[in-house]
Every structure is written in C-alpha cells, then in structure tokens.
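S.K.: Please see the structure below; I have some questions.
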Amino acid sequence: MPLINLPDFAGDLLDEFAVRGTERVDTPIIQPAEPFLDMAGEDLRRRIFMTESETGASLCLRPEFTIPVCLRHIETATGTPKRYSYLGEIFRQRREGGHEFYQAGIEDLGDGDTASADARAIGDAIGLLNRLVPGKPLSVTLGDQAVFEAVVQALGLPSGWQKRLIHAFGNMMQLETLLARLASPQPVTGLDAHVLDFLSRGDEQGLIRHIDATMQATGYSTNASRSPQEIARRLREKLVLSETRLDDAAFLVLEEFLSLSVPLADASAALAGFADAAGLKLGKAMESFDARVAALAKAGVDASKIDYRAAFGRPLDYYTGLVFEVTVAGSSAVLAGGGRFDRLMTLLGARDHIPAVGFALWLDRIETARVA
C-alpha cells in the first residue's frame with residue numbers, strides 16, 4: 001500500500017499516457033544499488049536511501065525510474081522501438097518537500113530518428129503539463145551536452161581534462177573551479193622523489209617496477225584494488241593534468257560558449273556564429289542540434305518559447321545529448337525534466353546500442369502548481 005495519496009489528476013495522466021501509445025510498466029521499490037551508484041551521478045548518489053540484503057548485497061529504495069525501466073526492458077528481452085510510461089513512488093532525500101513522492105514519465109527506447117524522438121519528448125512534456133496545469137504559462141529550458149563535449153574536444157585538451165569538464169557539465173560552480181585550475185595550474189605535491197623522477201623522465205616501466213616493489217615491501221599488493229600499471233597510469237595522468245594550462249584565447253572561447261543564452265529559434269545561428277568566430281568544427285553535434293530544432297518545428301512546438309542555455313545541464317551522469325526542464329513561468333520548481341541517454345542501455349547490459357530519451361514529471365510540484 002502507498003504511504004502517500006495519489007494526486008487526483010493521476011487518472012487523467014494515465015489516460016494521456018495511453019493516448020500517446022505507451023506501455024505502462026512498474027518496477028520493484030527495492031532495487032540493486034550498484035547501477036545508481038555507478039551511473040546516476042554524485043547528486044543522486046548522496047540522496048539515496050541504502051540498505052543491504054541478508055547476503056550483504058547493496059540495495060536501495062527506488063530513487064528514480066529511468067534505470068529500473070531500462071533494466072526491466074533488458075531483462076524481458078523486449079524489442080525496440082518501445083515507449084514505456086510509469087507512475088509510482090520514488091524515495092530520495094530532498095532539500096524541500098518530502099523524501100517519498102510520486103513521479104510519472106515516459107521512456108522512449110530504440111527510435112533511430114533521434115531528432116524526432118527528442119522533439120516528441122519535449123512536446124509530450126509540454127502537452128501533459130498544459131493539460132495538468134491549464135492556463136499557467138510554461139517556461140522551457142534546453143541544453144545539449146553533446147555540443148559542450150564537441151566544444152571541449154575541439155579545443156584539444158588532454159582526455160583527462162575533457163572527462164573532468166564533461167562530468168561537471170550543468171554544475172556552473174564546479175565548472176568555474178575547473179576552469180580556474182586550467183587557467184592557473186597548480187603543481188602536484190606530496191609525490192615521492194623517485195616517482196617524480198620516473199615521471200619526469202617518462203620511464204613508465206621503471207615507475208611500474210618501483211610501484212610494484214613498494215607494494216611488495218609494504219604488503220599492500222595482496223589486497224590492492226589497483227595494479228601497479230593502473231597506479232602508474234593515474235599518476236602520469238595526474239601530472240599531465242597539473243601541467244596543462246588553458247591559454248587565454250581558449251579560456252575566453254569556453255567562457256563565451258558557456259554564456260550563450262538565446263531563444264531556441266535563434267540558437268542554431270548563434271552556435272554557428274560562435275563556432276566560426278572561434279575557428280571550431282562542431283560537426284555531428286551541430287547537425288543533431290539543427291535536426292532537433294527542425295523536428296520541433298515539424299511537431300508544432302514553438303521554438304521561440306524555449307530558451308537554449310549552453311551551460312544548462314541536469315545532475316544525472318547518464319545524459320549524453322539533449323537535456324531540458326519545464327517550470328511554470330516565474331517559478332524555480334521543476335515540473336518536468338529529462339533528456340537523452342544513449343549510452344545507458346549498453347552500460348546496463350544491453351547487447352546492442354539502443355538510443356533512448358525520456359522525461360519525468362514531479363507530481364507533488366504539479367499538484368502545488370495547480371492550486372497556486
């Protein structure tokens with residue numbers, strides 16, 4: 001039995017899901033914790049309610065639906081394309097509101113026309129909210145992690161720095177901290193003199209032998225989780241990262257990109273102008289972006305009423321491209337949010353690549369908006 005009452009509009013929402021050709025799916029409240037810990041991101045990890053099975057396996061109360069729905073799809077060996085809908089309780093710590101609340105949403109798996117699938121997700125989220133909070137003007141914010149990744153890659157930063165910046169996408173405080181470190185690198189401290197000598201001479205085999213001998217001498221090697229080769233690789237990467245400096249021109253390019261904020265109808269031109277001025281080739285990421293804008297127009301979604309912010313992301317690590325949120329205009333309470341997660345299905349064990357996009361609705365916030 002649920003511990004909180006379903007909102008009175010739940011039946012209307014389920015009817016809307018059926019009209020959109022989705023299959024309703026439910027998943028167990030108790031979930032294996034590992035997929036969330038590995039793939040959901042730090043913001044969600046620290047909010048999860050953890051427990052253990054009697055055999056010591058890590059479990060958690062269901063903190064969101066995307067990962068459980070994808071796991072269920074893989075386990076049932078259902079073919080794609082497939083559109084799932086869900087409505088149920090999730091459990092996670094929140095700064096505001098209760099820690100147990102209802103979410104609903106749609107996960108769209110396996111549609112190879114990613115631009116149309118993205119447009120459908122955005123259009124469905126807007127359409128559902130127009131039905132649930134009639135008469136309230138909506139504000140839609142859109143970002144694209146793939147475009148940010150293309151900019152970072154085009155600047156030619158070492159792969160370690162690219163990974164750090166991409167991981168921080170959507171968290172401006174963390175991004176600004178990383179950019180400050182790139183602008184003014186700090187030397188690595190606390191390393192053994194022998195290790196520094198091997199690193200400075202580029203003697204990787206010597207470094208591995210030194211680490212192995214140290215581990216043997218201390219007895220650490222019998223229960224170490226990392227091999228001497230892995231430790232050597234990480235030390236080398238740490239040194240490279242500490243010595244990498246982003247020149248002033250590249251720093252200004254990243255700052256300019258992250259400051260872009262325009263109506264989506266103007267975003268393609270703004271990004272093209274930015275790339276031309278910076279001398280960057282954004283390739284496939286821009287092609288996908290432009291195709292999505294065209295698909296939104298074809299679907300009848302007014303792009304002039306959607307804001308594109310280059311720095312906008314969402315605090316879940318599995319997103320790979322489109323990210324978006326919908327609020328009532330003038331409010332900061334997110335009523336719907338989602339995005340594209342094309343790598344998640346493979347990471348969860350799918351044998352084939354399955355493109356995926358989806359969104360969630362916060363029913364308690366929608367209920368509050370209905371009576372405001």
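The values are calculated or read from the model by the stated rules, or taken from the named source; none is laboratory data. Since we're looking at a predicted model, the values are computed, not measured. Positions of Cβ are backbone-derived with ideal geometry, glycine not excepted, and every protein chain shown enters the neighbour counts. Each accessible area value is taken on the protein alone, full model and side chains, heavy atoms only, with ligands, DNA and RNA left out. Shrake-Rupley method; radii C 1.70, N 1.55, O 1.52, S 1.80 Å.
S.K.: Classify the range 43-127 as rounded, prolate or oblate, taking a ≥ b ≥ c as the square roots of the eigenvalues of its Cα gyration tensor: rounded when a/c is under 1.5, otherwise prolate if a/b is larger than b/c and oblate if not.
M.R.: It comes out oblate by the Cα gyration axes.
S.K.: How far apart, in nm, are the 7 Å Cα→Cβ label points at Lys305 and Phe251?
M.R.: Here the answer is 4.3 nm between the modelled labels.
S.K.: I'd like the Karplus ³J(HN,Hα) series for the range 120-133: coefficients 6.51, -1.76, 1.60, θ = phi - 60°, whole numbers in Hz, and an x wherever there's a Gly or Pro.
M.R.: For the range 120-133, the Karplus-derived couplings read 5, 4, 5, x, 5, 4, 5, x, 5, 5, 4, 6, 7, 10 Hz, x marking Gly and Pro.
S.K.: Taking a threshold of 25 Å on the Cα-Cα distance, which of the pairs Lys82/Lys305; Lys82/Lys163; Lys82/Lys298; Lys82/Lys136 fall above it?
M.R.: Lys82/Lys305; Lys82/Lys163; Lys82/Lys136
S.K.: I need the Kirkwood Rh of the chain: take the reciprocal of the average 1/r across all distinct C-alpha pairs and report it in angstrom.
M.R.: It works out to 22.9 Å.
S.K.: Under the rule of at least 5 residues apart or a separate chain, name every residue whose amide H is placed under 5 Å from the amide H of Lys136.
M.R.: HN-HN under 5 Å from Lys136: empty list.
S.K.: Helix 228-243: angle to the longest alpha-carbon principal axis of the chain, degrees 0 to 90, nearest 10?
M.R.: 80
S.K.: Of all accessible surface on the chain at a 1.4 Å probe, what whole percent is carbon and sulfur?
M.R.: Of all accessible area on the chain, carbon and sulfur atoms account for 51 percent.
S.K.: Out of residues 5 or more away from Gly105 or on other chains, whose amide H comes under 5 Å of its own, with H placed 1.01 Å from N in the peptide plane?
M.R.: Tyr86, Leu361
S.K.: Where does helix 248-259 land angle-wise versus the long Cα axis of the chain, in degrees 0 to 90, nearest 10?
M.R.: 20
S.K.: For the range 334-347, just list the computed ³J(HN,Hα) in residue order, Karplus coefficients 6.51, -1.76 and 1.60, θ = phi - 60°, integers in Hz, with x standing in for Gly and Pro.
M.R.: Going residue by residue, I get 6, 8, 9, x, x, x, 9, 9, 5, 8, 5, 4, 5, 4 Hz, with x marking Gly and Pro.
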